[in-house]
Amino acid sequence: MTDLLANLALGFSVAAAPMNLAFCLLGALVGTLVGVLPGIGTVATVAMLLPITFGLPPVGALIMLAGIYYGAQYGGSTTSILVNIPGEATSVVTCLDGHQMARQGRAGAALSIAAIGSFFAGCVSTVLVAALGAPLTSLALLFGPAEYFSLMLLGLIFAVVLAKGSVLKSIAMVLAGLLLSMVGSDLETGAGRMTFDVAELSDGIGFTNVAMGLFGFAEIIRNLEMSQESRDIVQAKISGLMPTRKDLIDSSGAISRGTILGSILGILPGGGAVVASFAAYTFEKRISKNPESFGNGAIAGVAAPEAANNAAAQTSFIPLLTLGIPPNAVMALMVGAMTIHGIVPGPQVMVKQPELFWGMIASMWLGNLMLVIINLPLVGVWVSLLRVPYRLLFPSIIVFCCIGIYSINNSPTDVLIAAIFGLVGYWLVKHDFEPAPLVLAFVLGPLMEENLRRAMLIARGDATVFLTRPISAGLILVAAILLIIAMLPMISKRREEVFVE
Amino acid sequence: MAGGTKSSTGGGFLLKIRGPRDFFGGLALIVVAAIALWASSSLPGQQGFAFGPGTAPRIFAGLLMAVGVVITVMGLVVKGPPLESFALRGPAYVLVGILVFAATVRGIHVDVASIPIVIPAFGMVPATFLAFMISIFGSTEFRWVESLIAAVAMTAFCVGLFVYLLQLPFQLWPMF
């Protein structure tokens, strides 16, 4: 306990340094700014803004990225409350009741409850991250290559199971991501693999290019197809930002339940914020005394998913910081950022760079506080941003992405590769393939292969090693059970229902 | 929707394609897997207990091939939604815009079939402006005046952010 306090004190001393505070604020601001734009999800936002953090010192860059992440998520909820277009998957459910509240003239209450719910969830889960960090890190020391491989396999299976649509197609995406990650020089022998003798591919395909193409360019191309007239922005002036006593009492239970649910689901690899918000909404609706109010502006229907997705966003840092394994696509981007700064995510971060580890955790709490402070007064600004027509917005995003990609290596080829992945992403969506598992697999690929090779070498070529070591066997068993459950058609039908709702 | 496939390419098959999204998606996966297998075929494989550089790519390409075949077969048998139509205008202009940015920002010198193609380095300002003005045609609601103003504003914003604020070493103006 005293350790925890001492660590948190160290963290706050790092996070409260004026420069880091500024990065945190800046991150939360630009994150919200981009996240508010309709049709741009959290992953796209983080991918887009990744390059602007590269020039910063490592601690500052990661603090800013974390701020961008929460900001993007919060911005997404603002959009779904005010416009009937969810900015991203996590705020689809917020849309249901939030937009109804806004149409009834209670946009202010919806926005503030979303902010308060997120802040409360952020506080709880920050403590959780700090408390679980140390024990999980010591657990990581028990892990050998076989266990790491099995854990990553479990993570990928989670991503497959939780992705919407066909399980088989998600598996195909995972395999394609793994294959893509192998393009470039072999880690052990340096042999060029699948490079087709293209010099630019010998270092492998850059992660940001893939993410920017699949999530940035592809989404823009797809959004262009949709009619922009169906946007339904709440025109009335937003007043009454302070929630009433009744609002607070009505939503307090929902916020706490959402926080608990979100915290648990966030830790699970492959899960994260999307599932958490869906689960919290469904749960609230089920236990509610008057479930028919859901969908017609129930405040609990805003509070619960908002608390849950923020809690999950926070706790999804746990597997990344302690085990070095990104549980979702955003965390995969964080790995990319860490790698660029020369930090290898994993248990050694906490030991070797405690100021980075605890500084980031402390900045999570500060970031949440800032979101409440900046978002409520700035709602007017975000609303006016929503009125910018998409026909002017999308070329701006395109050129911003182009410059961002180009700036990483001063390489026009990277821009070209991202453009190709943009087309690939467009094609994938048209054929009901989800890009998220591909990106996760792409990031985990090199780590997975390395551990697979090491485990096989240590076991002298005996593949049963994954089943004879108890921790590894347990992880594989969980993965197998998950996969079997997901494959059962009955359940996969129900799964779709959850996502359709 | 009786066999609701409006795919024209299905004519050569004896079986009716009932789920065209799965069918063509699966075919594409098979092609990708085949390319990966071919590209990694020359790499050394297993040596003793150690994986060679080619082992893992071949394992995963093989698995992808298998999954691709299953998805393709499912596409033949299981009824699914029809193919969505692909828009041309949006992707085309956006793509050209991005390519123009990539080609002009630093210039390119390549030989295509021994014909040298040289595009001079225009620098970031013209490249950004051009990319904006080209990709904006991807939308059907194009208007000249506001587009030009927005393009200038966005170019100025990007220069301010990336060059002055983030201090990235970009060449801003043409250098021939």
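Quick rundown of the values:
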read-out	value
Test: residue in the range A:364-375 that is closer than 30 Å to residue B:149 by Cα and in contact (Cβ under 8 Å) with a residue 60 or more places away in the chain	yes
Pair list, Cβ under 6 Å, 6 or more apart: the range A:413-433 residue at the interface with chain B (Cβ under 7 Å from one of its Cβ atoms), other residue surrounded by fewer than 19 Cβ atoms within 10 Å (Cβ to Cβ) and among the small types (Gly, Ala, Ser)	A:432/A:165
Any hit, the range A:171-189, residues being of a type in the set (Asp, Glu), at negative phi and assigned to a helix (DSSP H, G or I)	no
Yes/no for residue A:124 being hydrophobic (A, V, I, L, M, F, W, C), part of a helix (DSSP H, G or I), surrounded by fewer than 24 Cβ atoms within 10 Å (Cβ to Cβ) and within 19 Å of the chain's Cα centre (by Cα)	yes
Within the range A:440-462, considering residues that are open to solvent by 60 Å² or more (accessible area, probe 1.4 Å) and over 17 Å from residue A:142 (Cα atoms), the one farthest from the other protein chains (Cβ to nearest Cβ)	A:447
Counted residues, the range B:69-97 - those being small (Gly, Ala, Ser), more than 7 Å from every other protein chain (Cβ to nearest Cβ) and in contact with a helix residue (DSSP H, G or I) (Cβ under 8 Å, 6 or more places away or on another chain)	3
Count of residues meeting criterion [of a type in the set (S, T, N, Q), more than 17 Å from the chain's Cα centre (by Cα) and under 21 Å from residue A:47 (Cα atoms)] in the range A:315-362	1
Some residue of the range A:2-18 being in a helix (DSSP H, G or I), at pLDDT below 80 and not hydrophobic (A, V, I, L, M, F, W, C)	yes
Among the residues listed as B:58, B:18, the single one being over 27 Å from residue B:81 (Cα atoms) and either open to solvent by 70 Å² or more (accessible area, probe 1.4 Å) or at pLDDT below 80 (or both)	B:58
Residues that are in a loop (DSSP other than H, G, I, E, B), within 11 Å of chain A (Cβ to nearest Cβ) and either open to solvent by less than 30 Å² (accessible area, probe 1.4 Å) or closer than 25 Å to residue B:175 by Cα (or both), drawn from the range B:98-147	B:106, B:107, B:139
Given (1) farther than 25 Å from residue A:206 by Cα; (2) at pLDDT 80 or above, index of the condition residue A:295 fails	(2)
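Conditions (1) open to solvent by 10 Å² or more (accessible area, probe 1.4 Å); (2) in contact with a Pro (Cβ under 9 Å, 6 or more places away or on another chain), marked per residue:
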| position | (1), (2) |
| --- | --- |
| A:361 | no, no |
| A:366 | yes, no |
| A:380 | yes, no |
| A:407 | yes, yes |
| A:433 | no, no |
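The values are calculated or read from the model by the stated rules, or taken from the named source; none is laboratory data. Small disclaimer: the values here were computed from a predicted structure and weren't measured. Neighbour counts run over all protein chains shown; Cβ positions are idealised from the backbone, glycine included. Each accessible area value is taken on the protein alone, full model and side chains, heavy atoms only, with ligands, DNA and RNA left out. Shrake-Rupley method; radii C 1.70, N 1.55, O 1.52, S 1.80 Å.
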